[in-house]
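J.: To start, I am sharing the structure in question, which I have written as structure tokens.
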Amino acid sequence: MRASATDLTRSQRLDRLPFTRRHGRLLVGSGIGWALDAMDVGLISFVMAALAVQWRLDGTTLGWIGSIGFVGMAVGATLGGLVADRVGRRQVFAITLLVYGLATGAAALSTGVAMLIALRFVIGLGLGAELPVASTLVSEFAPRRIRGRVVVWLESFWAVGWIAAAAIGAFVIPLSDDGWRWALAVGIVPTLYAVVVRMGLPESVRFLESKGRVDEAERIVRDFEAAAGDARHDLPPGTPRVLAGVEADSAQSIWSPAVRRRTIGLWIVWFCINLSYYGAFIWIPSLLVAQGFDLVRSFQFTLVITLAQLPGYAVAAWLIEVIGRRATLAIFLAGSAAAALAYGLASADWQIIAAGCALSFANLGAWGALYAIGPELYPTTVRGTGTGAAAGFGRIASIIAPLIVTPLVALGGTPLLFAVFAASFALAAIAAFALLPEQRGAPLA
């Protein structure tokens, strides 16, 4: 016998709904913020390449310009998740957009390296806090049958933002000595968007229930049901009421016995994927310039490579509901390792583009799967904390990554650098199998 609507919790009532325009507005509203974040992170890679020429900066200084933002992201991701579990997902999402939007606009006025580095840290605070909070919010509203796919769709907005950054890098920065300033000035857009986010996005129903704000939670659920025409998509008999393998009250900490193994595995994956992704993609424009390509050609190559991110997300969004989260993540991480090795050995133009596209395709597919997995591993009480802490730990690697590029290239050239990145991807693929049990089709706690 199927459960009736009156027997279902609010979370199960959300789970049973089809994907509606209301879900679409939430996805696009969160996704635009995500794209703007990606644009900011992507722009710094092009700004670094331009400043290396205009300000005559050495590799160490460039490394710190690239890394300092990730120091802020590490702090922001950890604090953002904690605050989101206390004051709400939507509030933190809007505040973080405001912080990094204003700081990015101010960075366009930098008069020297010290000012730019200080502002990049503040930008990182906002950026690091926003990403895990957005994925948590979308995951908690997405219909159970396609939850993983919806979160990958959210993550695919990252590619849109990075492509926008690559386009700005290719067509704006080379126009004048102040081109990099105009590129950073675009970052003021998130400040305006923060107002829209605060007014238009719903708060997490699970969060509201955990705080005793049941009237607000009920109103939001009814809004989503009304958008679906109050469709009765009842859950199958025997559907569990909590996340597979975790009783709702058994995990009051991310280090509780019920979720400790998941936390360790998630932290390893986050660390390794951050080390390789940011080490490679933040430096690719500068590495191409160092190989003898002029600024315009380097930026054009990077734009082409970046376009391969979109099909990577598309394939991951399909696979994640077909073969599951862990298998999809492991496959894309293994593909990233192979592509990194190929890029390290590439010399001809076509080889650089082909290997770079393969790396972009596989790596961003892995990111999509990772963001889908994270929120599913924890119950509501620690979901923001769990995803934020993993992201914060991963940011340690993103701090290290830009700093190790110059010494590794000096020691063994591009082949050694990308061999290290390949090894990191491979370790992450192995660690992905610690993210048990498989959450495909399971309701959130």
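J.: Measuring from label point to label point, each 7 Å out along Cα→Cβ, what is the ASP177 to ASP349 span in nm?
T.: 3.0
J.: Also, quick follow-up: In square angstrom, what is the accessible area per residue of region 68-181 with a 1.4 angstrom probe?
T.: Averaged over the residues of region 68-181, the accessible area is 30 Å².
J.: A further question on this structure: If I stretch the segment between ARG219 and ALA114 completely, what's the gain in nm (0.36 nm per residue apart, minus their alpha carbon distance), one decimal?
T.: 32.9 nm
J.: At 0.36 nm per residue, and after removing the present C-alpha to C-alpha distance, how many nm does the segment from ILE430 to LEU416 gain when stretched out fully? Please list the in-between numbers first.
T.: Numbers: separation 14, 0.36 × 14 = 5.04 nm, distance 2.15 nm.
Extra length from ILE430 to LEU416 when fully extended: 2.9 nm.
J.: Using a 1.4 Å probe, what is the accessible area per residue for region 260-299, in Å²? Mind showing how you got there, number by number?
T.: On the way: 1250 Å² over 40 residues.
Each residue of region 260-299 exposes 31 Å² on average to a 1.4 Å probe.
J.: Would you work out which of PHE19, ALA107, TRP34 lies farthest towards the positive end of the dipole of region 1-134? Charges go on Cβ: Lys and Arg +1, Asp and Glu -1.
T.: Most positive-ward Cα: PHE19.
J.: Report the Cα-based extents of the chain along its three principal axes, largest first, to the nearest Å.
T.: 69, 41, 35
J.: Report relative contact order for region 294-433 in percent, whole number only (criteria: Cα-Cα under 8 Å, sequence separation at least 6). Don't skip to the end; give the middle numbers.
T.: Numbers: 149 pairs, mean separation 50.4, N = 140.
About 36 percent, as a whole number.
J.: So, one more: Given a 1.4 Å probe, how much area per residue of region 356-413 is accessible, in Å²?
T.: In whole numbers, region 356-413 has 21 Å² accessible per residue.
J.: Hey, another quick one. Report, to the nearest whole %, how much of the accessible area of the chain belongs to carbon and sulfur atoms, 1.4 Å probe, protein only. Before the final figure, lay out each step's value.
T.: On the way: 10620 of 15700 Å².
Here it works out to 68 percent.
J.: Calculate, in nm to one decimal, what LEU192 and GLN291 gain on full extension: separation in residues at 0.36 nm each, minus their alpha carbon distance.
T.: Working: separation 99, 0.36 × 99 = 35.64 nm, distance 3.96 nm.
Full extension of this stretch gives 31.7 nm more.
J.: Around GLY312, with a cut-off of 15 angstrom between Cβ atoms, what is the net charge of the other residues, counting Lys and Arg +1 and Asp and Glu -1? Write out the running numbers ahead of the final one.
T.: Numbers: positive: ARG149; negative: GLU155.
Counting the neighbours of GLY312, the net charge comes to 0.
The values are calculated or read from the model by the stated rules, or taken from the named source; none is laboratory data. No experiment lies behind these values; they were computed from the predicted model shown. Ideal geometry is used to build each Cβ from the backbone, glycine not excepted, and the neighbour counts take in all protein chains shown. We work out accessible area using only protein heavy atoms, side chains counted, and drop any ligands, DNA or RNA first. Shrake-Rupley method; radii C 1.70, N 1.55, O 1.52, S 1.80 Å.
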